[in-house]
Amino acid sequence: MNWFEDMQIGERRELGSFTFTAEDIIRFARAYDPQRFHLSDEEARKTHFGRLCASGWHTASVWMKLMVASLDLDHAGGGPNARLGPSPGFTGLKWIKPVFAGDTITYSSTLVEKTEVRSRPQWGLALHRNEGVNQDGVLVFSFTGKVFVARKPAGET
């Protein structure tokens, strides 16, 4: 990721894929979301899900892990260091379809809007549509994230 001015609307970053194993789903659920359909296939069969499925928070956590890894990979490969500031939050978090044990989710992030910030002229605000699609091409997860991105210093081209 480069300076705010270098970012182009429509730029898409492929973050990578993750396969949710039963063991991963149960381990995450025990620690953070101990609902029965995340803890046991047998218990999940008694619910509307019908089988073991990942916590939505698990799918979101994997997105974050892959986003950070993608930025680190850019930097390690000699690419520009991400000039990211804080995030003022996100909107529209949706867990559209269940993620079942064995599903592989591929994540991406697309720049959809840029806004100059008058109150903080050294920063711009970038909005990204973030998605996760399963192995069948079905959208299962999405949200719009906001992050401050550093602006070029005065006089730099």
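Throughout, read-outs are computed from the coordinates displayed, never taken from laboratory work. Keep in mind it's a predicted model, so treat the numbers as computed, not measured. We place every Cβ from the backbone using ideal geometry, glycine too, and count neighbours over all the protein chains shown.
Going toward the positive end of the dipole of the chain, with +1 on Lys and Arg Cβ and -1 on Asp and Glu Cβ, which of THR115, ALA29, ALA69 do you reach last?
Among THR115, ALA29, ALA69, the one farthest towards the positive end of the dipole of the chain is THR115.
Would you mind putting 96-103, 7-14, 21-28 in packing order, based on average other-beta-carbon counts within 10 Å, highest first?
Going by the mean number of other Cβ atoms within 10 Å, highest first, we get 96-103, 21-28, 7-14.
Report, to the nearest 10°, how far helix 56-76 tilts away from the longest principal axis of the Cα atoms in the chain, using its own Cα long axis and a range of 0 to 90°.
The helix 56-76 is inclined about 40 degrees to the chain.
Given R₀ = 35 Å, what would the calculated FRET efficiency be for THR47 paired with ASP72, taking r from the Cβ atoms and rounding to 0.05?
0.40
What length, rounded to one decimal in nm, is gained on full extension from ARG30 through to VAL117, with 0.36 nm per residue of separation minus their alpha-carbon distance?
Between ARG30 and VAL117, full extension yields 27.2 nm more.
For the chain, what is the mean residue ellipticity at 222 nm derived from helices alone (per DSSP H run of n ≥ 4: -39500 (n - 2.57); sum divided by total residues; nearest 500 deg cm²/dmol)?
The per-residue figure over the chain is -7500 deg cm²/dmol.
Only Lys, Arg, Asp and Glu count, each charged at its Cβ (+1, +1, -1, -1), so figure out the dipole size of region 11-144 about its Cα centre, rounded to 20 debye.
Using only the charged Cβ atoms, the result is roughly 380 debye.
Around PHE100, which amide H atoms from residues at least 5 apart in sequence, or from another chain, sit under 5 Å from its own amide H, with H modelled in the peptide plane?
Close amide H contacts, sequence-distant or interchain: ALA54.
Give the label of the value calculated from the structure for Rg/Rh (Cα atoms, Kirkwood Rh), choosing from (i) 0.95; (ii) 1.03; (iii) 1.06.
(iii)
Given the Cα-Cα distance of THR104 and ILE9 and 0.36 nm per residue of separation, how much length would full extension add, in nm?
31.4 nm
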